[in-house]
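Student: Following this message is one structure expressed as structure tokens.
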Amino acid sequence: MAPTLANKRLTIVGCGYVGTAVAREACRAGLKVEALTRNPGRAAELAALGVHTVVADLAANTWHGRLAPGADLVLNCVSSGDGGLDGYRRSYVEGMRSLLAWAQRDPVGTLVYTSSTSVYSQDGGVVVDEEAPTEGAGETGRILLEAEELLRRGGDACRRWFILRLAGIYGPGRHHLLEQVRAGAAEISGSGAQHLNLAHRDDICAAVFAAFAAPASLSGGIFNVADDAPEPKAAVVRWLAEQLGRPAPRFTGGAASAQRGFASPPDRLISNAKLKAKLGWKPRYPSFREGYAAILSA
């Protein structure tokens, strides 16, 4: 992390899995951190780090007077929670509206928003960068794009913004595929030929701090966050099975079963080239092998 961030004021809203990891690293580096979360258990974890934490719904305005205005740095890393598409819209779109209304009172410095690569619709194993069209995004992708557009048109709520489109998040305590193999699952839904685009939690944190520390000449932008080596899901499962001494599950074929009613992602290769070139980011875990190896050895 850049030493110039020390003593900066950082506000994290929607502070869950990724946000807590950012808060932990920020506290170690000497930043002054405040956070907002819906989860009382998460709030207790943050309080143990010395983070002033408010338990509230980002989409409401009840928290506006409880977090100090005018932060140097703001991270919006809200997740969808439950509630189907309505919950998705409340978390992302209404949450962004609430955040920008708060920031309009006393503009913030750099605002980073973690969106998702689900805004892309490309299929067929093509390489996808930030210039790829998003017109064909599914329902959840369109909601995320609406939240992105609110930030892009946020006026003087912040001096600059960055949108980080995250690939599939995994890391300590969040490794569903690993647990399926460890449990001896006989089969996994979907096609083993589909590429997995992954981003380790710690590499996402590094991307957030790279955006915060970007030179003033860089006014913001949209960046994909993914590792260097998307590989077919079958290759990932075979490798995990070998590490765990388990038989490799078979795949059912066809599209993976939908999760909470949302469609499974198409097959594509997410490019991280812009993030590397513009922000100097480099993944600590360039492929699933390094990332899962660290989890297995912990």
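The values are calculated or read from the model by the stated rules, or taken from the named source; none is laboratory data. Worth saying up front: this structure is predicted, and the values here are computed from it rather than measured. A quick note on method: Cβ atoms are made from the backbone with ideal geometry, for glycine too, and the neighbour counts reach across all protein chains shown.
Student: Checking Ala23 against (1) modelled with pLDDT of 95 or more; (2) surrounded by fewer than 20 Cβ atoms within 10 Å (Cβ to Cβ): exactly one of these is not met. Which one?
Tutor: Condition not satisfied by Ala23: (2).
Student: Working only within the stretch 137-154, note down all residues that are hydrophobic (A, V, I, L, M, F, W, C) and in a helix (DSSP H, G or I). Before you say what the answer is, go through the steps one by one.
Tutor: Here is the first cut: in the stretch 137-154, the residues hydrophobic (A, V, I, L, M, F, W, C) are 137, 143-145, 147, 150-151.
Listed by number, the residues that qualify are Ile143, Leu144, Leu145, Ala147, Leu150, Leu151.
Student: Could you pull out the residue among Asn39, Asn7 that is within 21 Å of the chain's Cα centre (by Cα), of a type outside the set (Gly, Ala, Ser) and surrounded by fewer than 17 Cβ atoms within 10 Å (Cβ to Cβ)?
Tutor: Asn39
Student: Can you pull out every residue in the stretch 99-128 that is in contact with a strand residue (DSSP E or B) (Cβ under 7 Å, 6 or more places away or on another chain), farther than 25 Å from Leu85 by Cα and assigned to a loop (DSSP other than H, G, I, E, B)?
Tutor: Correct list: Pro107, Gly125.
Student: Spot the failing condition for Ser91; the list is (1) touching a helix residue (DSSP H, G or I) at 6+ places or on another chain (Cβ under 8 Å); (2) closer than 24 Å to Ala226 by Cα, and only one is missed.
Tutor: (1)
Student: Kindly provide the set of residues from the stretch 129-146 that are under 18 Å from Ser79 (Cβ atoms), touching a Ser or Thr at 6+ places or on another chain (Cβ under 8 Å) and not aliphatic (A, V, I, L, M), ordered by number.
Tutor: Start the filter on the stretch 129-146 by keeping residues that are under 18 Å from Ser79 (Cβ atoms), which leaves 138-146.
Add one more test, that the residue is touching a Ser or Thr at 6+ places or on another chain (Cβ under 8 Å), and what stays is 138, 140-141, 144-145.
Matches in the stretch 129-146: Gly138, Thr140, Gly141.
Student: List the residue pairs whose Cβ atoms are under 8 Å apart, where the first residue sits in the stretch 279-298 and is touching a residue at least 60 places away in the same chain (Cβ under 8 Å) and of a type in the set (A, V, I, L, M, F, W, C), the second is exposed (fewer than 15 other Cβ atoms within 10 Å of the Cβ) and assigned to a loop (DSSP other than H, G, I, E, B), and the two are 6 or more positions apart or on different chains.
Tutor: Leu279/Leu218; Ile295/Pro172; Ala298/Pro172
Student: Provide a single number: the residues in the stretch 160-190 that are in contact with a strand residue (DSSP E or B) (Cβ under 9 Å, 6 or more places away or on another chain) and closer than 26 Å to Asp203 by Cβ. Reasoning before the result, please.
Tutor: Of the residues in the stretch 160-190, the ones in contact with a strand residue (DSSP E or B) (Cβ under 9 Å, 6 or more places away or on another chain) are 160-171, 176-178, 180-181, 186-190.
Cutting the leftovers down to closer than 26 Å to Asp203 by Cβ gives us 160-171, 176-178, 180-181, 188, 190.
Looking only at that region, the number is 19.
Student: What are the pairs, 6+ residues apart or on separate chains, where a residue within the stretch 86-107 that is of a type in the set (Val, Ile, Thr) has its Cβ under 9 Å from a residue that is part of a helix (DSSP H, G or I)?
Tutor: These pairs meet every condition: Val93/Ile143; Val93/Leu144; Val93/Glu146; Val93/Ala147; Val93/Leu150.
Student: Check every one of the helices (runs of 4 or more DSSP H) wholly within the stretch 182-298 and list those with 2 or more residues that are more than 22 Å from Tyr17 (Cα to Cα) and modelled with pLDDT of 95 or more.
Tutor: Details: elements: 201-212, 233-244, 273-279, 288-297.
The qualifying helices (runs of 4 or more DSSP H) are 233-244, 273-279.
Student: Report the residue count in the stretch 101-128 for those that are surrounded by 14 or more Cβ atoms within 10 Å (Cβ to Cβ) and within 27 Å of Val74 (Cα to Cα). Before you say what the answer is, go through the steps one by one.
Tutor: Start the filter on the stretch 101-128 by keeping residues that are surrounded by 14 or more Cβ atoms within 10 Å (Cβ to Cβ), which leaves 102-104, 107-122, 125, 128.
Keeping just the survivors that are within 27 Å of Val74 (Cα to Cα) gives 102-104, 107-120.
Summing the residues that are surrounded by 14 or more Cβ atoms within 10 Å (Cβ to Cβ) and within 27 Å of Val74 (Cα to Cα) in the stretch 101-128 gives 17.
Student: Any residue in the stretch 151-166 that is more than 16 Å from Val119 (Cβ to Cβ) sitting within a Cβ distance under 9 Å of a residue that is of a type in the set (Asp, Glu) and surrounded by 14 or more Cβ atoms within 10 Å (Cβ to Cβ)? List the pairs, counting only those 6 or more apart or interchain.
Tutor: As it stands, the answer is none, since no pair meets every condition given.
Student: Right, another one. Hey, does the stretch 85-99 have a residue that's more than 29 Å from Gly138 (Cα to Cα) and either touching a Cys at 6+ places or on another chain (Cβ under 6 Å) or modelled with pLDDT under 95 (or both)? Give the steps one after another, and end with the answer.
Tutor: First, pick out the residues of the stretch 85-99 that are more than 29 Å from Gly138 (Cα to Cα): none.
Looking for residues that are more than 29 Å from Gly138 (Cα to Cα) and either touching a Cys at 6+ places or on another chain (Cβ under 6 Å) or modelled with pLDDT under 95 (or both), one finds none in the stretch 85-99, hence no.
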